[in-house]
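J.: Below you will find the structure I want to go over with you.
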Amino acid sequence: MPDFPQLRTQAVVQYPARRQLTFATQVLEFLDGSEQRFRQWPGTLRQWIIRLDLLTEEELSTFRQFFRSQAGQAQVFRFVDPWDGMEYPNCTLEGDDFEVLLRGEGRGNLNLVIKECR
């Protein structure tokens with residue numbers, strides 16, 4: 001299983017980055033107004049919103065190759081959470097688009113969303 005690529009500084013993300021935690025609770029409402037709640041899956045699902053700025057051509061090429069090898073969101077990979085250092089082995093990219101904004105030499109920008117899968 002592949003690992004999410006690192007920048008040349010060995011960092012995984014640049015700040016500001018965001019992490020979202022998601023819980024899935026199903027609520028059943030009965031005719032008498034009472035409710036029953038239960039979790040659809042155990043634990044929390046994580047999602048990371050990553051904005052990478054000032055990327056070199058080499059870093060952009062690495063991310064482009066990684067995106068192609070993953071076939072967008074089709075394959076899973078390992079991602080190390082920069083907040084807690086934990087490795088999450090079942091992650092995918094969100095979306096099948098790879099959009100890079102070039103602002104000059106050594107100034108590429110890239111936005112990615114990584115989500116944990118169950």
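J.: Look through segment 96-118, keep the residues that are within 12 Å of TRP48 (Cβ to Cβ) and among the β-branched types (Val, Ile, Thr), and return whichever of them is least open to solvent (accessible area, probe 1.4 Å).
T.: Just the residues of segment 96-118 that are within 12 Å of TRP48 (Cβ to Cβ), to begin with: 111-116.
Adding the requirement that they be among the β-branched types (Val, Ile, Thr) leaves 113-114.
Values: VAL113: 36, ILE114: 0 Å².
By that ranking, first place goes to ILE114.
J.: How about segment 15-43: which of its residues are modelled with pLDDT under 80 and touching a Leu at 6+ places or on another chain (Cβ under 7 Å)?
T.: Within segment 15-43, none qualify.
J.: With segment 1-59 as the region, which strands (runs of 3 or more DSSP E) entirely inside it contain at least 3 residues that are closer than 15 Å to TRP83 by Cα and not aliphatic (A, V, I, L, M)?
T.: So the answer is 18-22, 45-55.
J.: If you don't mind, another one. Go through segment 29-60 and report how many residues are open to solvent by 70 Å² or more (accessible area, probe 1.4 Å) and touching a strand residue (DSSP E or B) at 6+ places or on another chain (Cβ under 9 Å).
T.: So in segment 29-60, the residues open to solvent by 70 Å² or more (accessible area, probe 1.4 Å) come out as 29-32, 35-40, 42, 51, 54, 57-58.
Those left that are additionally touching a strand residue (DSSP E or B) at 6+ places or on another chain (Cβ under 9 Å): 29-30, 35-40, 51, 54, 57.
Within segment 29-60, residues that are open to solvent by 70 Å² or more (accessible area, probe 1.4 Å) and touching a strand residue (DSSP E or B) at 6+ places or on another chain (Cβ under 9 Å) number 11.
J.: Let me ask something else about it. Name every residue in segment 61-80 that is under 21 Å from ARG103 (Cβ atoms) and open to solvent by 70 Å² or more (accessible area, probe 1.4 Å), in order of residue number. Working first, answer last.
T.: Here is the first cut: in segment 61-80, the ones under 21 Å from ARG103 (Cβ atoms) are 61-64, 67.
Once the filter is applied, which keeps residues that are under 21 Å from ARG103 (Cβ atoms) and open to solvent by 70 Å² or more (accessible area, probe 1.4 Å), segment 61-80 yields only ARG64.
J.: Identify, please: which residue in segment 81-95 is open to solvent by less than 60 Å² (accessible area, probe 1.4 Å) and within 16 Å of ALA17 (Cα to Cα) and is, among those, farthest from the chain's Cα centre (by Cα)? Let's see the steps before the verdict.
T.: The initial filter retains those residues of segment 81-95 that are open to solvent by less than 60 Å² (accessible area, probe 1.4 Å), namely 81-82, 85, 88, 90-93, 95.
Filter once more, so that each one left must be within 16 Å of ALA17 (Cα to Cα): 81-82, 85, 93.
Working: ASP81: 10, PRO82: 12, GLY85: 15, LEU93: 6 Å.
Only one residue tops the list, namely GLY85.
J.: On to the next question. Looking for whichever is under 20 Å from ILE114 (Cα atoms) and free of Cβ contacts under 8 Å to residues at least 40 places away in the same chain here; the options are LEU21, LEU7. Which one fits?
T.: Details: LEU7 fails: free of Cβ contacts under 8 Å to residues at least 40 places away in the same chain.
Criteria check complete, one pass: LEU21.
J.: Output the residues belonging to segment 67-80 that are farther than 20 Å from ALA17 by Cβ and of a type in the set (A, V, I, L, M).
T.: ALA71, ALA74, VAL76
The values are calculated or read from the model by the stated rules, or taken from the named source; none is laboratory data. All of these numbers come straight from a predicted model, not from anything done at the bench. Here Cβ is always computed from backbone atoms with ideal geometry, including for glycine, and neighbour counts include all displayed protein chains. Surface accessibility is based on the protein's heavy atoms, side chains included, excluding ligands, DNA and RNA. Shrake-Rupley method; radii C 1.70, N 1.55, O 1.52, S 1.80 Å.
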